[in-house]
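Each remark here refers to the structure printed beneath this line.
The values are calculated or read from the model by the stated rules, or taken from the named source; none is laboratory data. Fair warning: this is a prediction, and the values are worked out from it, not measured in the lab. With ideal geometry, Cβ positions are generated from the backbone for all residues, glycine too; neighbour counts draw on all protein chains shown.
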Amino acid sequence: MKAFSALIHREFIEHRGAFLIGPLILVALLFGATILAFTVGRVDARFSGAIFTLAPLRVYEVGFLGFGLGWLLYLISVLIFYCADGFAADKRDNAMLFWKSMPISDFRMLLSKLVAALTILPGTVYGVALLSGFLLFGVAFTTMMITGTASWGSLGNIAGVYVQVAFAILVTLVCGLLWYLPFMGVAGALATALGRWALPVSALLPALVSVLEWVTLGGLHPFDTNSWRYLEWRLAPPSTDYLDTLFVTDAPFNALTYAMTLIDQMDWLQVGLGAGLALAAIYIASEYRRRAAAN
């Protein structure tokens, strides 16, 4: 177990630039630009404070949710490149023989990369998202102090919104990772054999399947097939209509209601089938890796 944990920690060390250092630099630049905007008069602090005074909780909710959505989109894009690159890193840096000498099977080696993509790496980005929300928290309260409308009560209310939105982002993150698990597993398995070419091949493979279905079974065009329609549905992120109804009412954001609605509307049969596909793909890739290294 310690060896498996060490492998996951290794993935974090090797890829912390994309999952920790890069996001922290983006946060620093964004926060610095915000401070500069207030300093040079590009943003009217009194006007901003008035907005927070009129609807402080809703403004902060929307702002923090927007930050969370942005970081989730960033995470998805980075994880795609990680799976297409990290699973082939051992072969590329000529370290295959070293890792093969460890008392760990190829399956556990590749599984550690997939587990890292589901735990420590997205967890790092989630921590940066929480930092973004905390800085937004400071901006909101500071602008209210400038207008003289800040109070300990408003501070507590905004802190409550922070906890609610942070929990909602966490639930969305977990659901999204489970939903996209098969894509990460297949991309990682392809990378084991193809290296960085796994990224374009992963994008081309569904198109080839759709074209093959069109040629054999017919249809209006190559992308008017059952396989393509299924892929479009499967690529759509987990969603709920709770946010649509939230923004047309003055009801406060309820993270528990949002989470229960999101979990209830997910197709958990597809999640289970996707997890099985990811594990099968990783196992096949590990067998290929074991035999290829032996030769």
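Being buried (at least 16 other Cβ atoms within 10 Å of the Cβ), farther than 21 Å from Phe107 by Cα and free of Cβ contacts under 8 Å to residues at least 12 places away in the same chain holds for only one residue in Trp233, Trp214, and it is Trp214. Residues of the stretch 165-202 that are assigned to a helix (DSSP H, G or I) and either touching a strand residue (DSSP E or B) at 6+ places or on another chain (Cβ under 9 Å) or not hydrophobic (A, V, I, L, M, F, W, C) (or both): Thr172, Gly176, Pro182, Gly185, Gly188, Thr192, Gly195, Arg196, Pro200, Ser202. Test Phe223 against the stated conditions and say whether it is aromatic (Phe, Trp, Tyr) and farther than 30 Å from Ile169 by Cβ. Spelling it out, Phe223 is indeed aromatic (Phe, Trp, Tyr) and farther than 30 Å from Ile169 by Cβ.
Within the stretch 131-159, restricting attention to residues that are surrounded by 19 or more Cβ atoms within 10 Å (Cβ to Cβ) and modelled with pLDDT of 75 or more, the residue that is farthest from Gly68 (Cα to Cα) is Ile158.
For the stretch 203-273, the helices (runs of 4 or more DSSP H) that sit wholly inside it and include 3 or more residues that are at pLDDT below 80 are 242-246. Among residues that are surrounded by fewer than 18 Cβ atoms within 10 Å (Cβ to Cβ), under 30 Å from Ala89 (Cα atoms) and modelled with pLDDT under 85, Phe12 is not included.
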